[in-house]
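The values are calculated or read from the model by the stated rules, or taken from the named source; none is laboratory data. The model shown is predicted, which means the values in this text are computed figures rather than measured ones. Cβ coordinates were reconstructed from backbone atoms using ideal geometry, including for glycine residues, and neighbour counts include every protein chain displayed.
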Amino acid sequence: MKNQNTGYAFCYGDDVDTDVIIPARYLNTSDPEELKKHCMEDIDINFAKNVSKGDFIVAKDNFGCGSSREHAPISIKASGVSCVIAKSFARIFYRNSINIGLVIVESDKLPDETKTGDKLELDMENGYVTNLTTNKKYPITIFPKEIQELIDAGGLVNYTKKKLGV
């Protein structure tokens, strides 16, 4: 991932589970192009139509709770979302996101002070997100170098292939 990215926020509350990120009725495919058409539709029917490459999902506590399916982070990444920012993540979603190369970061205050449509700028190198709409800067938790390399490679499979020279 490039170190900086700018996009618009799509904001949600606590406990956004994998069943609303990608409803179970679409789990008969693992094709990212098909999954992105239905991303977030049970919580935000217009999300797939309105999201643009580089935008952000912002949520409160326990984002990605529910089942362990990788379809949820795959659908988010395929939709063009550059980063999910939340106060906290369900652990299996957190790990699945890293494994498929979806950038996720934690922030204590940003989710409470950001509204849908706010313009955000992510600076991974320096560890903060700026809400350009309100001109406030928020620290974020950044990954260790090894984990960031895995995400930058596009996930665990691509990282492993690169390391093996495949």
*Which residues, counting only those in the range 55-75, are farther than 10 Å from Phe10 by Cβ, not small (Gly, Ala, Ser) and not in a loop (DSSP other than H, G, I, E, B)?*
Phe63, Cys65, His71, Pro73, Ile74
*Could you list all residues from the range 56-70 that are modelled with pLDDT under 95 and either of a type outside the set (Gly, Ala, Ser) or closer than 21 Å to Lys109 by Cβ (or both)?*
Arg69, Glu70
*For the range 13-46, how many residues meet the condition of being crowded, with 22+ Cβ neighbours inside 10 Å and either of a type outside the set (Val, Ile, Thr) or touching a strand residue (DSSP E or B) at 6+ places or on another chain (Cβ under 7 Å) (or both)?*
4
*Can Thr134 be described as free of Cβ contacts under 8 Å to residues at least 40 places away in the same chain and among the β-branched types (Val, Ile, Thr)?*
yes
_Here's a check for you: in the range 136-166, which residue that is among the hydrophobic types (A, V, I, L, M, F, W, C) and surrounded by 15 or more Cβ atoms within 10 Å (Cβ to Cβ) is farthest from Cys83 (Cα to Cα)?_
Leu156
*Positions within the range 90-102 being surrounded by fewer than 22 Cβ atoms within 10 Å (Cβ to Cβ) and either under 28 Å from Thr134 (Cα atoms) or aromatic (Phe, Trp, Tyr) (or both), in sequence order*: Tyr94
_Search result, residues across the range 114-166 that are among the basic types (Lys, Arg) and either over 21 Å from Tyr94 (Cβ atoms) or in a loop (DSSP other than H, G, I, E, B) (or both)_ = Lys115, Lys119, Lys136, Lys137, Lys161, Lys162, Lys163
*Would you please list the contacts, defined by Cβ atoms under 7 Å and residues six or more apart or on different chains, that run from a residue in the range 143-166 that is farther than 20 Å from Glu125 by Cβ to a residue that is in a helix (DSSP H, G or I) and modelled with pLDDT of 85 or more?*
Gly155/Asn99; Gly155/Ile100; Leu156/Asn99; Leu156/Leu150
*Starting from residues that are in contact with a Pro (Cβ under 6 Å, 6 or more places away or on another chain) and part of a loop (DSSP other than H, G, I, E, B), keep the ones in the range 84-106 and report whichever is nearest to Asp61 (Cα to Cα).*
Lys87
*Name every residue in the range 117-135 that is exposed (fewer than 15 other Cβ atoms within 10 Å of the Cβ), modelled with pLDDT of 95 or more and at negative phi, in order of residue number.*
Leu132, Thr133, Thr134
_Going residue by residue through the range 64-73, is there one that turns out to be in contact with a Leu (Cβ under 7 Å, 6 or more places away or on another chain), buried (at least 16 other Cβ atoms within 10 Å of the Cβ) and aliphatic (A, V, I, L, M)?_
no
*Residues that are within 13 Å of Ile100 (Cβ to Cβ) and of a type in the set (A, V, I, L, M), drawn from the range 148-166*: Leu150, Ile151, Ala153, Leu156, Val157
